[in-house]
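Data first, discussion second: the structure below is written as structure tokens.
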Amino acid sequence: MEKRMTIQNLCAGYDGKQVLHNISLEIPSNKITAIIGPSGCGKSTLLHCLNGMLRQETGASVSGEILLDGQDTAAMQEDQLRRQVGLVSQTPSPFPFSILENMTYGPRYYGVRNKTQLQQIAEEKLRLAGLYDEVKEQLHKSALKLSGGQQQRLCIARALTAEPRVLLLDEPCSALDVQASAVIEEMLTRLKQTYTIVIVTHNIVQARRISDYVAFIKDGRLVEWGEAACLFASPQQEETRAFLDGIYG
Amino acid sequence: MQKNLNRLFSLLIKLLTALSVLMLAFVIFFIVKEALPLFEEVSLKEFLFGQRWMPIAYTGETSFGIFNFIMATLYVSLIAMVISVAVGVGTALFLVFCTTERVRSLFLPAIDLLAGIPSVIYGFIGITVVVKLFIRAGVHTGSCVLAASIVLAVMLLPYLVSSCSETILKMKERYLPAAQAMGVSRWYAAATLILPASWKNILLSMILAVGRAMGETMAVMMVMGNANLFPRLLGKSETIASVIALEMGTAVVDSPHYHALYAAGMVLMVLLFVINVSINLIRAKLLEQGR
Ligand SMILES: Nc1ncnc2c1ncn2[C@@H]1O[C@H](COP(=O)(O)OP(=O)(O)OP(=O)(O)O)[C@@H](O)[C@H]1O
Ligand SMILES: [Mg+2]
């Protein structure tokens, strides 16, 4: 198993209140790692640590080590880290521009000026996100007029324009129906050929369907993590078992 | 019982609405009625485009041309708007991007307080500070269009700053995390994402500010010199509102002078109406594009 990210003894908190306790975890490359756990246990906080966002927040404290391909992320330049580790947040936030402008916003900032090149990037990433066929006729339409599921996929496609190595997704399907979720799940399994994916989800069934590795967090502590098949079939910890049983009813 | 009470209440509301509409209609009717007799003496074209304002025949003939006043009104308002929108948006950006929540919660109410200062005070400060500065800078009497625009801009600022900060803060919270997650820097996102996203609401604030700018009388009158001249940045001039305020008290009732002042008021009303409608149209167009 090749590791993309290694997290060692990570502690994090807001305003002196510790939220994450001593988390050590590995993120294998080109796999989907699902993070599950009860609401408020610190899943989003963990994602924000991974892309360096928490370090910048006022009042937040982070300690421990996070390595990206063996490189210490604390020593990396912030914007470089963000480009390498993309994040799509819980609520989709398409920019109030056209679909095409949403897709070219990042590349233009990174210095791509050529029109056809920009168009190419947009098309390629929209295809990856499985959105291109739905919107190819209306690339100049406002992104705000897309449906919720389409907006979520647009945001994923937009995150891909930064050419990240790791893609963090915070509950991408929380507001979507079964069908729209299925489209996103199908897309994610396709994306893992190129990217390493970390997904936070409330939906255990979904985690079971798509993930290769699972980490279970409770009250800010990593209870258990490992290959999805093993963990779901025979959880080693009592807490994990209780959580999974609780969900299954 | 409950039903009757409801009916009574809705009747009362309707009555009050009707009353305020009626009052507005009455004001418009009254102004138009008092304005119309003027046009038996001067043509509309002469009135709007004439540059000679000689309401009383001391020597020679009377003449009623308000072109200079119209231009002065537009000019002062335009420059004041440019100054206060630029400063207001800049201040809002600073408050949102460079200060913390605590500083903002201290500053914004303080800025709102400025809105409560009577306009005479602004005019007074205009005379003692702004006009003095212009005299020192070599402008003949110090009173000029630019001085009036500056004073007016300061008067418009509180409202613009508080409404712009509100909009920009909202847009920042909505879009900045997503932009930063792509490695885009704060200030690039501010300029290319958050400002464009706030633009519509800033336009709306501008509509309300324009109304205030064009109708503001006292402070402008105190620093603009009040001479019937075509407005120049460093020259004296006089707005429609100033003419009305200065001359209405001495105009003989039912004289052409009296009717001319009403007609000038009517022109001011039409100007404001046209400007508000066109800014609204622009805004609707922007909304339609979904930008
Ligand atoms: N910006 C913040 N400031 C202070 N405390 C915060 C902040 N964000 C999160 N917290 C606290 O950190 C803890 C973990 O929050 P987090 O958002 O990581 O939970 P989560 O596992 O993502 O929950 P959910 O599944 O409901 O999204 C919570 O107790 C929350 O109150
Ligand atoms: Mg969360």
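Here is a yes/no grid of residues against (1) part of a loop (DSSP other than H, G, I, E, B); (2) modelled with pLDDT of 90 or more; (3) not polar (S, T, N, Q):
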{"site": "B:214", "(1), (2), (3)": "no, no, yes"}
{"site": "B:220", "(1), (2), (3)": "no, yes, yes"}
{"site": "B:223", "(1), (2), (3)": "no, yes, yes"}
{"site": "B:230", "(1), (2), (3)": "yes, yes, yes"}
{"site": "B:235", "(1), (2), (3)": "yes, yes, yes"}
{"site": "B:242", "(1), (2), (3)": "no, yes, no"}
{"site": "B:257", "(1), (2), (3)": "no, yes, yes"}
{"site": "B:261", "(1), (2), (3)": "no, yes, yes"}
{"site": "B:265", "(1), (2), (3)": "no, yes, yes"}
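Between A:154, A:139, A:144, A:160, the distinction of being closer than 24 Å to residue A:5 by Cβ, within 14 Å of chain B (Cβ to nearest Cβ) and among the aliphatic types (A, V, I, L, M) belongs to A:160 only.
Residue-by-condition table, conditions (1) out of contact with any Phe, Trp or Tyr (no Cβ under 8 Å at 6 or more places or on another chain); (2) open to solvent by 10 Å² or more (accessible area, probe 1.4 Å):
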site	(1), (2)
B:193	no, no
B:202	yes, no
B:208	no, yes
B:223	yes, no
B:228	no, yes
B:235	yes, yes
B:240	no, no
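Of all residues in the stretch A:83-108, those satisfying the criterion of being facing chain B (nearest Cβ under 8 Å), open to solvent by less than 10 Å² (accessible area, probe 1.4 Å) and in a helix (DSSP H, G or I) are A:105, A:106.
Pairing residues of the stretch B:170-184 that are at the interface with another protein chain (Cβ under 7 Å from one of its Cβ atoms) and under 19 Å from residue B:202 (Cα atoms) with residues that are open to solvent by 10 Å² or more (accessible area, probe 1.4 Å) and at pLDDT below 95, at Cβ distances under 7 Å and at least 6 apart in sequence or on separate chains, gives B:174/A:93; B:175/A:93. Residues in the stretch A:224-249 that are open to solvent by 30 Å² or more (accessible area, probe 1.4 Å) and either of a type in the set (A, V, I, L, M) or without any contact (Cβ under 8 Å) to a residue 12 or more places away in the chain (or both): A:229, A:230, A:233, A:234, A:238, A:241, A:242, A:245, A:246, A:247, A:249. Looking at residue A:166, is it within 20 Å of residue A:36 (Cβ to Cβ), without any contact (Cβ under 8 Å) to a residue 60 or more places away in the chain and among the aliphatic types (A, V, I, L, M)? Answer is no for this residue.
Scanning the stretch B:100-133 for residues that are in contact (Cβ under 8 Å) with a residue 60 or more places away in the chain and either closer than 30 Å to residue B:172 by Cβ or surrounded by 14 or more Cβ atoms within 10 Å (Cβ to Cβ) (or both) turns up B:104, B:119, B:122, B:123, B:124, B:126, B:127, B:130, B:131.
Conditions (1) in contact with a Lys or Arg (Cβ under 6 Å, 6 or more places away or on another chain); (2) over 28 Å from residue B:198 (Cα atoms), marked per residue:
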residue	(1), (2)
A:126	no, no
A:148	no, no
A:160	yes, no
A:177	no, yes
A:186	no, yes
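Here residue A:80 meets each of (1) open to solvent by less than 40 Å² (accessible area, probe 1.4 Å); (2) within 14 Å of chain B (Cβ to nearest Cβ); (3) more than 15 Å from ligand 1 (Cβ to nearest atom); (4) not hydrophobic (A, V, I, L, M, F, W, C) with one exception, condition (1).
The values are calculated or read from the model by the stated rules, or taken from the named source; none is laboratory data. Quick caveat, the model's predicted, so the values are computed rather than measured. Reconstructed Cβ throughout: ideal geometry from the backbone, glycine too, with neighbour counts over all protein chains shown. Quick note on the areas: whole protein, heavy atoms, side chains included, nothing else; ligands and nucleic acids left out. Shrake-Rupley method; radii C 1.70, N 1.55, O 1.52, S 1.80 Å.
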